[in-house]
Amino acid sequence: MIKVEHLAKRYADVYAVNDISFEVEQGEILGLLGPNGAGKTTTMRILTCYMPATSGSATVAGYDVFHNSISVRRQIGYLPENVPLYPEMRVKEYLLFRARLKKVPYRDRKMKIGESIEKCRIKEVENQIIGTLSKGYRQRVGLADTLVHDPKILILDEPTIGLDPNQIRQVRQLVKELGEKHTILLSTHILPEVEMICGRVIIINKGKIVAMDTPSNLATQMKAGSNILLEVKGDGKKIQDALLGIQGVKKVIWQDGGEINNFTVEAEKGMDTREDIFLNVVKNNGIIREMRQAPVTLEEIFHQITTHEQEVTI
Ligand SMILES: Nc1ncnc2c1ncn2[C@@H]1O[C@H](COP(=O)(O)OP(=O)(O)OP(=O)(O)O)[C@@H](O)[C@H]1O
Ligand SMILES: [Mg+2]
């Protein structure tokens, strides 16, 4: 549904997007994951025909974004980074205005708006003035707007940014539901978000794609090198020495708590040391009260991926 080939966008001498290629299949929810300034919004703006690329090509539903912008826009529902709603309008009035702008045929407008309102669960606020809505509801009005002309593809730029945890859950659920009928490209800088919503993820950093896989493959790959957190009852010094003696363990950080000791065990990449940890702690009369893998953060993933890349290229 979306095909991007060697796309690049340059501002003066900085590349915001630098030679990226990827495809989004029909029915897929693809996450574009990256830190601030990675190039997510730039990529989306090019795909939605809001600005031209410096080089490369992109098609949406078979239409070239540079030459067929009207056809492309008809296929796309775009939720921009800062949803530009009219605060003085009422919700339904705004959606009607947008439907007219998007040239939804007159006879279909009422039905399409009704469907969008229902899908985004904003029936109870349809007559409310947009400026008085909570942020979560405003975001849902933005989503309803993306649906009003019944597009095949949704491009959502950080749909959950700035929402409270409850609203985040609701909007994520909504996006997931929309994924049953639409092909979705969404951007985020939160790893658990792509794990929850997306079938596949592209990690983008400094305008370049650094990884492309399913969230679970990425997480497994990353967890293989992640730290183990331990809470052990017993002789801290003795257990630290035992942990250091395990093959593949690089570093052990010991937080001395007297009887109860906490350890962070860092292993070589790809080494699963958990069983040896268990056996060695027990052998040294320690009692494991807790053993878990440290959560993998986006920062760690970037660190791992970028370091790995450098090792490969040197
Ligand atoms: N109009 C512009 N002029 C100059 N540089 C720009 C312009 N727009 C974007 N950039 C630069 O391009 C890079 C990519 O920006 P972009 O907005 O695509 O990042 P992003 O991944 O969406 O980040 P964020 O998570 O902060 O939204 C950044 O370094 C940004 O400063
Ligand atoms: Mg952005």
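The values are calculated or read from the model by the stated rules, or taken from the named source; none is laboratory data. Given the structure is predicted, the values throughout are model-derived calculations rather than measurements. Cβ coordinates were reconstructed from backbone atoms using ideal geometry, including for glycine residues, and neighbour counts include every protein chain displayed.
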Query - Hits in the stretch 18-42 - residues which are more than 7 Å from ligand 1 (Cβ to nearest atom) and β-branched (Val, Ile, Thr) - result: 20, 24, 29
Query - Among the residues listed as 69, 55, 116, the single one being under 23 Å from residue 174 (Cα atoms), more than 16 Å from ligand 2 (Cβ to nearest atom), among the small types (Gly, Ala, Ser) and in the same structural domain as residue 213 (by TED's automatic domain parsing) - result: 116
Query raised in the report: Filter the stretch 130-158 for residues that are more than 23 Å from residue 103 (Cα to Cα) and within 16 Å of ligand 1 (Cβ to nearest atom); which is surrounded by the most Cβ atoms within 10 Å (Cβ to Cβ)?
Result: 157
Report summary line: Of the candidates 150, 145, the one satisfying the condition of being in a loop (DSSP other than H, G, I, E, B) and not hydrophobic (A, V, I, L, M, F, W, C) is 150
Query raised in the report: Can you name the condition, by its number, that residue 18 falls short on among (1) within 13 Å of ligand 2 (Cβ to nearest atom); (2) crowded, with 18+ Cβ neighbours inside 10 Å?
Result: (1)
Query raised in the report: Mind checking whether some residue in the stretch 172-189 is within 16 Å of ligand 2 (Cβ to nearest atom), in contact with a helix residue (DSSP H, G or I) (Cβ under 7 Å, 6 or more places away or on another chain), part of a loop (DSSP other than H, G, I, E, B) and not hydroxyl-bearing (Ser, Thr, Tyr)?
Result: yes
Query raised in the report: Scanning for something modelled with pLDDT under 90, at positive phi and within 16 Å of ligand 2 (Cβ to nearest atom), does the stretch 73-88 turn up at least one residue?
Result: no
Requested in this report: Looking only at the stretch 159-172, decide whether some residue is free of Cβ contacts under 8 Å to residues at least 60 places away in the same chain, buried (at least 20 other Cβ atoms within 10 Å of the Cβ), of a type in the set (Ser, Thr, Tyr) and in contact with a strand residue (DSSP E or B) (Cβ under 9 Å, 6 or more places away or on another chain).
Outcome: yes
Report task. Sort out for me the helices (runs of 4 or more DSSP H) sitting completely within the stretch 211-314 that have 2 or more residues that are at negative phi, touching a strand residue (DSSP E or B) at 6+ places or on another chain (Cβ under 8 Å) and at pLDDT 95 or above. Result -> 236-244, 274-283
Query raised in the report: Restricting the first residue to the stretch 102-117 and requiring it to be on the phi > 0 side of the Ramachandran plot, which pairs with a second residue that is assigned to a helix (DSSP H, G or I) meet a Cβ separation below 9 Å and a spacing of at least six or different chains?
Result: 103/74
Query raised in the report: Within the set of pairs 6+ apart or on separate chains, which have a first residue in the stretch 21-44 that is under 14 Å from residue 182 (Cα atoms), a second that is of a type in the set (D, E, K, R) and not in a loop (DSSP other than H, G, I, E, B), and C-beta atoms under 6 Å apart?
Result: 30/200
